[in-house]
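A short reminder: the numbers here are calculations on the coordinates, not readings from a lab. Keep in mind the model is a prediction, meaning the values are calculated, not measured. Methodologically, a virtual Cβ is constructed for each residue, glycine included, from the backbone with ideal geometry; neighbour enumeration extends over all protein chains shown.
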Amino acid sequence: MSRYIDWQDVVNRYADAAKGSGGAEEMKLSFIDDAEDEVDSRLANRYTVPFTPVPGVITGLCIDLTYYKMNIRQKGIDVLKTYIDQRFTDLTDGTMTLTVSGTAIGAADRAWSTTQDFGSAFGVDATERWQVSSTWQQDFDDRRC
């Protein structure tokens, strides 16, 4: 039994996957299991795996990776591989954060806001003259409420 996706998820995103599997259930599961294992192994250095609950980004990665593995010898599939690799890079270097229902996963070392709308408490000035402005502090405090 797959952890993150099932065969219908792959077919829903890539309709031609249905004919590419030849109908063999073992083959379908083989591609899915391989993709899920790769996702876990590539992200285990930053996140606790297996993911529970499963973030949508992980589901998408598993679907795309399954399809890529099925079509690895097809012309033009390298575009999908580049896209997949970039998402893995973004997840492991912190450029992209996994979320489930708006809550960050594995990002305890970062500040998280649903608006990301808070700026610096320092005015635009030479850095050696920076000091806290009570007016700016009050403005930011008012915007948070």
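At a glance:
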read-out: Fewest-first sequence of Tyr47, Tyr4 by Cβ atoms within 10 Å of each Cβ; value: Tyr47, Tyr4
read-out: Dimensions (Å) - the stretch 7-104, Cα atoms, principal axes, largest first; value: 39, 26, 21
read-out: Phi-based couplings in Hz for the stretch 82-87 (Karplus 6.51, -1.76, 1.60; Gly and Pro marked x); value: 4, 5, 4, 4, 5, 5
read-out: Val100, Val11, Val39 arranged by Cβ crowding within 10 Å, fewest neighbours leading; value: Val100, Val11, Val39
read-out: Computed over the stretch 1-76: relative contact order in percent, which uses C-alpha pairs under 8 Å that are six or more apart; value: 45 percent
read-out: FRET efficiency estimate (nearest 0.05) - Cβ-Cβ, Arg73 to Leu29, R0 25 angstrom; value: 0.75
read-out: Environment charge of Gln86, counting only residues whose C-beta is closer than 14 Å and scoring Lys/Arg +1, Asp/Glu -1; value: -2
read-out: Cut-off under 5 Å, modelled amide H: who pairs with Met96 long-range; value: Leu91
